[in-house]
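Chemist: Please read through the structure below; I'll follow up with questions.
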Amino acid sequence: MRGRERERDAGRHGETAAHYLVAAVPRALSDEPVEVVRRRLAARPYDSVALICVTDEQDMLLGFLPITDFVALADDVTVGAAMRKERIAVHADADQERVASMALHHAVSAVPVVDYKGHLLGIVPPAALIHILRREHVEDLHRLAGIGQEDARARESIESSPLRRLRHRLPWLVIGLVGSMIATWVMASFEAALQSKMSIAFFVPGLVYLADAIGTQTEAITVRWLSLSHSPPAGLLGGEMRTGLLIGLTLGLITLPLVWMVFGDFRLALAVSSALFFAGGVATTIGLLLPWLLHQFGTDPAYGSGPLATIIQDVLSLVVYFAVVSAIVL
């Protein structure tokens, strides 16, 4: 349902395959020899010759030949014998992102466009694919910077009055303020532990920073995923959690001998390394889920995901760290 709504929205903004479609492209029947098609190519101009589209008598798309493959064929070979038969085609109302993703996935320089009965309408040519990729790349950068699509909502976030900007941004920062109070309370709860072993406090800033940095990387990946994919988040979430744990494990293995060597305390080194391991998994989970949830609820992630993700990661990192320290060191 969401995919169909997205394609309808894309159609209203000229971001569909139909917007980039060129109809004057080489066509050939599957039983035609290459020599015949070559003569036809030389006899008239085309909007694009990137693909030789192979159809039946009713103009149903059967396959295609990239022009780079076609020019190497012998004259007596039939087009149907040499064509690529994979189902690589999009409908005219397909979103431009899907067109570009299909071209990249199948390593083709142009994508055939068909109607819902399978009749060939034309192709999205190479120049259009480059334009789409650039446009999507710029859009991703805009979204990462908090601009989102170039619509009225994006312009409002840039051009609105200071009071309106305050209304949009302050609630999230107030939530961050509450979260910082919670983080302070967590630290205060372990006052006795900090007094008994002051070296425990030395690692708090580094742990919090690394958790934020890992989460920020995941947020960037989530932005790309939201732009290029419409699949459920479960697969990406599992992969990012494993990646975060691997990052935490690597950082922990680097930290363990260094802390042990400098402070001469193996249990403290083990606690710091273990906290880094768990913080990596937590940070990637928060960095993925928060932008996705805000996007699902129709809220601009630019305002909320940064402050919320930061404070949640900070609090959870502190809780994990002091829990590990209490179990191993104290």
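The values are calculated or read from the model by the stated rules, or taken from the named source; none is laboratory data. Values in this document were obtained by computation on a predicted structure and should not be read as measured data. When we count neighbours, we look across all protein chains shown, and the Cβ atoms used for this are built from the backbone with ideal geometry, even at glycine.
Chemist: So is residue 282 aliphatic (A, V, I, L, M) and modelled with pLDDT of 70 or more or not?
Modeler: Numbers: aliphatic (A, V, I, L, M): yes; modelled with pLDDT of 70 or more: yes.
Yes.
Chemist: Do we have residue 258 as at pLDDT below 90 and of a type outside the set (Val, Ile, Thr) here? Working first, answer last.
Modeler: Details: at pLDDT below 90: no; of a type outside the set (Val, Ile, Thr): yes.
Considered against the rule, which asks whether it is at pLDDT below 90 and of a type outside the set (Val, Ile, Thr), residue 258 comes out as no.
Chemist: Being modelled with pLDDT of 80 or more, in the same structural domain as residue 289 (by TED's automatic domain parsing) and part of a helix (DSSP H, G or I) is the requirement here; does residue 182 meet it?
Modeler: Details: modelled with pLDDT of 80 or more: yes; in the same structural domain as residue 289 (by TED's automatic domain parsing): yes; part of a helix (DSSP H, G or I): yes.
Yes.
Chemist: I'd like to check something: does segment 122-137 contain any residue that is assigned to a loop (DSSP other than H, G, I, E, B), buried (at least 21 other Cβ atoms within 10 Å of the Cβ), of a type in the set (A, V, I, L, M, F, W, C) and at pLDDT 85 or above?
Modeler: Step one: filter segment 122-137 for residues assigned to a loop (DSSP other than H, G, I, E, B), giving 125.
Cutting the leftovers down to buried (at least 21 other Cβ atoms within 10 Å of the Cβ) gives us 125.
Next cut, of a type in the set (A, V, I, L, M, F, W, C) only: none.
So far as segment 122-137 goes, no, none of its residues is assigned to a loop (DSSP other than H, G, I, E, B), buried (at least 21 other Cβ atoms within 10 Å of the Cβ), of a type in the set (A, V, I, L, M, F, W, C) and at pLDDT 85 or above.
Chemist: Right, something else. Quick one: how many residues across segment 287-322 are at pLDDT 80 or above and either of a type in the set (A, V, I, L, M) or not assigned by TED's automatic domain parsing to the domain that holds residue 258 (or both)?
Modeler: Number satisfying all stated conditions: 6.
Chemist: Just to be sure before I move on: is residue 115 in contact with a Leu (Cβ under 7 Å, 6 or more places away or on another chain), touching a residue at least 12 places away in the same chain (Cβ under 8 Å) and farther than 15 Å from residue 27 by Cα in the structure I sent? Steps first, answer last, please.
Modeler: Values: in contact with a Leu (Cβ under 7 Å, 6 or more places away or on another chain): yes; touching a residue at least 12 places away in the same chain (Cβ under 8 Å): yes; farther than 15 Å from residue 27 by Cα: yes.
Answer is yes for this residue.
Chemist: Still on this model: Are there any pairs with C-beta distances below 6 angstrom linking a residue in segment 69-89 that is over 14 Å from residue 30 (Cα atoms) to a residue that is exposed (fewer than 14 other Cβ atoms within 10 Å of the Cβ) and at pLDDT below 90, with the two at least 6 apart or on different chains, and if so which?
Modeler: Filtered contacts from segment 69-89: 88/106.
Chemist: Across segment 169-218, which residue is surrounded by the most Cβ atoms within 10 Å (Cβ to Cβ) among those that are in contact with an Asp or Glu (Cβ under 9 Å, 6 or more places away or on another chain) and of a type in the set (Gly, Ala, Ser)?
Modeler: 211
Chemist: Can you tell me which residue within segment 105-121, out of those that are among the aliphatic types (A, V, I, L, M) and out of contact with any helix residue (DSSP H, G or I) (no Cβ under 6 Å at 6 or more places or on another chain), is farthest from residue 63 (Cα to Cα)?
Modeler: Step one: of segment 105-121, the residues among the aliphatic types (A, V, I, L, M) are 107-108, 110-111, 113-114, 120-121.
Restricting the remaining residues to those that are out of contact with any helix residue (DSSP H, G or I) (no Cβ under 6 Å at 6 or more places or on another chain) gives 107-108, 114, 120-121.
Details: 107: 15, 108: 13, 114: 12, 120: 10, 121: 13 Å.
The selected residue is 107.
Chemist: Residue under question is residue 245, and the condition is that it be modelled with pLDDT of 85 or more and more than 30 Å from residue 102 (Cα to Cα); does it hold?
Modeler: Values: modelled with pLDDT of 85 or more: no; more than 30 Å from residue 102 (Cα to Cα): yes.
No; evaluated as a whole, the condition is false for this residue.
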